[in-house]
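Structure first, commentary second.
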């Protein structure tokens, strides 16, 4: 598996949490606490109820706005005592992305890469 495999939020939460792993995903910022540098990212699909905590303390020079979509690259940290937290290292605003088309493109890419292997 590629080190930077694109995941959906529900896949991040479903992973075996015995060790940390690198993630790349897109989600909608539901809430953000600037003092704590913590936010909750949710899946854009309203039928899914997937969310993940994101620690933004290592990210500088970006203004985060609730309701906006962001692409996050970071490390999913597993401490076994609380919920999984992604420590963001790269954050990019992707407002305007067609999430339905994005999901389909990720599925098509996965199918193509499976054919190659």
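The values are calculated or read from the model by the stated rules, or taken from the named source; none is laboratory data. Not measured: the values here are computed from a predicted model. A quick note on method: Cβ atoms are made from the backbone with ideal geometry, for glycine too, and the neighbour counts reach across all protein chains shown.
Evaluate the following for residue 43: is it at pLDDT below 90 and under 16 Å from the mean Cα position of the chain (by Cα)?
Considered against the rule, which asks whether it is at pLDDT below 90 and under 16 Å from the mean Cα position of the chain (by Cα), residue 43 comes out as yes.
Name the single residue that is modelled with the lowest pLDDT among those in the stretch 62-95 being under 18 Å from residue 35 (Cβ atoms) and exposed (fewer than 15 other Cβ atoms within 10 Å of the Cβ).
Selected residue: 62.
Condition (residue is surrounded by 15 or more Cβ atoms within 10 Å (Cβ to Cβ) and part of a loop (DSSP other than H, G, I, E, B)) applied to the stretch 47-55: is it met by at least one residue?
yes
Could you grab the pairs with beta carbons closer than 6 Å, sequence gap of 6+ or different chains, first residue in the stretch 1-12 and over 23 Å from residue 40 (Cβ atoms), second one assigned to a strand (DSSP E or B) and modelled with pLDDT of 90 or more?
Pairs found: 3/22.
Considering each residue of the stretch 93-117, count those that are over 18 Å from residue 43 (Cβ atoms), in contact with a strand residue (DSSP E or B) (Cβ under 8 Å, 6 or more places away or on another chain) and not in a helix (DSSP H, G or I), and give that number.
0
If you go through the stretch 61-72 one residue at a time, do you hit one that is within 15 Å of the chain's Cα centre (by Cα), outside any strand (DSSP E or B) and touching a residue at least 40 places away in the same chain (Cβ under 8 Å)?
Yes, the stretch 61-72 contains at least one residue that is within 15 Å of the chain's Cα centre (by Cα), outside any strand (DSSP E or B) and touching a residue at least 40 places away in the same chain (Cβ under 8 Å).
Would you check which residues across the stretch 21-37 are surrounded by 15 or more Cβ atoms within 10 Å (Cβ to Cβ), touching a residue at least 24 places away in the same chain (Cβ under 8 Å) and more than 15 Å from residue 11 (Cβ to Cβ) and list them? Reasoning before the result, please.
Step one: list which residues in the stretch 21-37 are surrounded by 15 or more Cβ atoms within 10 Å (Cβ to Cβ), which gives 21-29, 32, 37.
Still in the running and touching a residue at least 24 places away in the same chain (Cβ under 8 Å): 21-29, 32.
Selection gives 28, 29, 32.
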